[in-house]
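What follows is calculated from the coordinates using simple rules that are stated; it is not laboratory data. No experiment lies behind these values; they were computed from the predicted model shown. Neighbour counts are summed over all protein chains in view; Cβ atoms, including those assigned to glycine, are modelled from backbone coordinates with ideal geometry.
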Amino acid sequence: MSDKKIIKGSVIITQDQKYGIMQKGDILIENGKIAAVAEEIEAGDAQVIDGSGKIALPGFVDAHRHNWESLLRSSGVDWTLEQYFTAVKKILGPAYTADDVYFASYIGALECLDCGITTLFDWFHNNNGPEYADAAIAGLKDAGIRAVLGYSNSIYGELPVSSVPMDYEDFRRVKKQYFSSDEGLMTIALASRGPQFLDFGMVEEELKLAEETDTFVVMHVGDGSWGKTHPISRLSREGLLKSNMTFIHCNTLADSEIEQIGELGADTVSCPEVELNMGHGFLPTLRLLKAGVQPALGIDVCTSIPGDMFGVMRSMLAGVRSVVNNEGLLKNESIDPLPLLATDVLKFATQNGANACKLGKKTGSITPGKEADITLIEMDSLNMIPMNGPVNAVVEAANPGNVDTVIVAGKIVKQNKKLAGVDLAELKKKADDRARSLYQRAGIAEPEKWIPPVYKEGD
């Protein structure tokens, strides 16, 4: 059979201004890339994928997730950010084996694919030795997702303010061994702890390493009380602020710092569902947009929230609108128009995410010449009918159960709502066994009842 595939007769949200939204159209895929998008394309010898009754859109991009924490799913629903620091960085993270990292990386990436996420930025900060980094990479690779490995430090260097260095030589090894080219499904970034969490001399060393190896930098800034320490201003004063950086969260940054990011043209990622639940601060979305910054979206930690982009998009809309609407009520003024729309948020979850991962030329829209990363969402479920607008439906009505088909670089990884080659019952048993063993090693007898103490610097 030809390697060509064609998606026939779907509603297409291209996220490309040239093509817009097509109420019925076809997508031709050749050699893993999008070859054509049109109302009608002859199938020829291509494998036909029935797109009728479905919405085709670019695969979602989760631009920030600590994927190794997948074994801790839902354990921190009632934790604050400071309690999370204690639980994950002091107690549970050190209990992981390299095999645990592999398995968590694998099932976390599968969950992404199952939910229509085709690209994942995996910030890996349980990097306790070369075998741990290798395990994280293997898990992502075996799942078949497009991924950026955010190479970071060991769990023992996570408690602020840290003076534990990253393993610079292992970073060089990993980049040379696995990421000598940017042409594959996986690329690499340097995930720096930054001035909020790391001795500043070591921040300088990490950024020097990134420059020497031509690697882009991602950094947490503006999350919770640590974010009030003016990290962007410090980087700027020292001449270390670069346009190819991506900054995560940004909630408690000063307005002047957000303006600096905008002037620089750097990227940002918001994780609204986590940020609103865990105390990072109010969403910086409108301040970012005012400064000319187009944010991306991330899940962040599955310890606290679900791993799908649908909830994150809804949290972004609700989080922004709640503040704006409350201001209107206090002033007895009507809000017209709303400052953030569903069309904006869907762009955050697709093209903006690709940009933040430095993959904007490869993915993020259904554009001829780009990689064929496509998600099909069925429209026939009760939560999707009647179809009064595909963008609104995807952002506010859809859920992971509506994800029918997922394609990564032209390869079908999910079809008819089933992941290809995955035995879910077997995975569940392995996950349950590994989680149980992990908590036992960590000394946590009843995980569902455990509320860890608040982390304080110096503990």
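What to note about this one:
- Residue within segment 180-202 that is assigned to a helix (DSSP H, G or I), among the aromatic types (Phe, Trp, Tyr) and over 26 Å from Thr252 (Cβ atoms) present: no
- Members of segment 225-249 that are under 13 Å from Gly194 (Cβ atoms) and touching a residue at least 40 places away in the same chain (Cβ under 8 Å): Trp226, Gly227, Leu235, Thr246, Ile248
- For segment 130-145, the criterion of a residue being under 18 Å from the mean Cα position of the chain (by Cα), in a loop (DSSP other than H, G, I, E, B) and of a type in the set (Val, Ile, Thr) is satisfied by at least one position.
- Residues satisfying the stated conditions in segment 318-351, i.e. assigned to a helix (DSSP H, G or I) and aliphatic (A, V, I, L, M): Ala318, Val320, Val323, Val324, Leu329, Leu330, Ala342, Val345, Leu346
- Filtered residue count, segment 209-242, keeping only those that are of a type outside the set (A, V, I, L, M), more than 20 Å from the chain's Cα centre (by Cα) and surrounded by fewer than 22 Cβ atoms within 10 Å (Cβ to Cβ): 15
- Residue tally, condition surrounded by 22 or more Cβ atoms within 10 Å (Cβ to Cβ) and over 18 Å from Gln351 (Cβ atoms), over segment 13-48: 4
- Residue within segment 374-384 that is under 25 Å from Tyr106 (Cα atoms) and touching a helix residue (DSSP H, G or I) at 6+ places or on another chain (Cβ under 6 Å) present: yes
- If the condition is being farther than 18 Å from Cys357 by Cα and in a helix (DSSP H, G or I), then segment 109-129 contributes Leu110, Glu111, Asp114.
- Remark: pairs (first residue in segment 104-128, farther than 16 Å from Ser152 by Cα and in contact (Cβ under 8 Å) with a residue 40 or more places away in the chain; second residue part of a strand (DSSP E or B) and hydroxyl-bearing (Ser, Thr, Tyr); Cβ separation under 6 Å; 6+ apart in sequence or on different chains) = Gly116/Thr375.
- In segment 51-93, of all residues being outside any loop (DSSP other than H, G, I, E, B), polar (S, T, N, Q) and surrounded by 23 or more Cβ atoms within 10 Å (Cβ to Cβ), the one that is nearest to the chain's Cα centre (by Cα) corresponds to Asn67.
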